[in-house]
Amino acid sequence: MAERRGGQPDVLDLWRQLTVLTGRLGQALDKRLVRDFDLTLSELLVLDQLSRGNPRGLRIQDLSEAVALDQSSMSRLVSRLTTKQLAARVSCEHDRRGVYCQITDQGLERYTAAVKVSRAELGAALEAAAFDEHLASVVARLTRPIAAPADT
């Protein structure tokens, strides 16, 4: 691993490690979610945003930005969630062109169960990755506690 002065990993090396780590974790979690909950990881992330959002829902554009998907991909994803009855499309009261997405009661139930399993799965995968010499430094950075700012 390339290092900068002071023994710190190079930012490009950390980026590579992070990309590999998120790819591995995402694939493993996606398989588990599909098998156990009929949800993809992207669908879970959208349900997560909807569960935190305004009760009237979130605009498709806002969901796209929140989970880093383009709008056409988000539109297809929302269509899958509505077909599964986990989300619903709602027209904006003020602008008929605006479309919001809301989580359904069934969606909230599935999300709650899936996120519990996801947290456990991710925790175990991060713990295992901490012992991988190619990923340990990025895992250490991701999992270390954030220090409180010092009083001035």
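Numbers at a glance
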read-out	value
Every pair of residues 6+ apart whose Cβ atoms lie under 7 Å, when the first sits in region 17-38 and is without any contact (Cβ under 8 Å) to a residue 12 or more places away in the chain while the second is open to solvent by less than 70 Å² (accessible area, probe 1.4 Å)	30/40; 30/41; 34/40
Selection within region 80-103 - among the polar types (S, T, N, Q), open to solvent by less than 70 Å² (accessible area, probe 1.4 Å) and not in a helix (DSSP H, G or I)	102
Flag if residue 12 is part of a helix (DSSP H, G or I) and either open to solvent by 20 Å² or more (accessible area, probe 1.4 Å) or out of contact with any helix residue (DSSP H, G or I) (no Cβ under 6 Å at 6 or more places or on another chain) (or both)	yes
Flag for residue 77 being under 30 Å from residue 13 (Cα atoms) and assigned to a helix (DSSP H, G or I)	no
Which listed residue, of 20, 46, 90, is in contact with a His (Cβ under 9 Å, 6 or more places away or on another chain) and of a type outside the set (Gly, Ala, Ser)	20
Qualifying position, being open to solvent by less than 80 Å² (accessible area, probe 1.4 Å) and acidic (Asp, Glu), among 48, 38	48
Residues that are open to solvent by 80 Å² or more (accessible area, probe 1.4 Å), at pLDDT below 90 and either in a helix (DSSP H, G or I) or within 20 Å of residue 40 (Cβ to Cβ) (or both), drawn from region 104-136	127
Conditions (1) modelled with pLDDT of 90 or more; (2) over 18 Å from residue 107 (Cα atoms); (3) aromatic (Phe, Trp, Tyr): number failed by residue 37	(2)
Residue check, residue 19 under 14 Å from residue 117 (Cα atoms), hydroxyl-bearing (Ser, Thr, Tyr) and modelled with pLDDT of 85 or more	no
Filter pass, residue 58 being surrounded by 18 or more Cβ atoms within 10 Å (Cβ to Cβ), touching a Phe, Trp or Tyr at 6+ places or on another chain (Cβ under 9 Å) and either at pLDDT 95 or above or on the phi > 0 side of the Ramachandran plot (or both)	no
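The values are calculated or read from the model by the stated rules, or taken from the named source; none is laboratory data. Quick caveat: nothing in here was measured; it's all calculated off a predicted structure. With ideal geometry, Cβ positions are generated from the backbone for all residues, glycine too; neighbour counts draw on all protein chains shown. Surface areas here come from the heavy atoms of the whole protein model, side chains and all, with no ligands, DNA or RNA. Shrake-Rupley method; radii C 1.70, N 1.55, O 1.52, S 1.80 Å.
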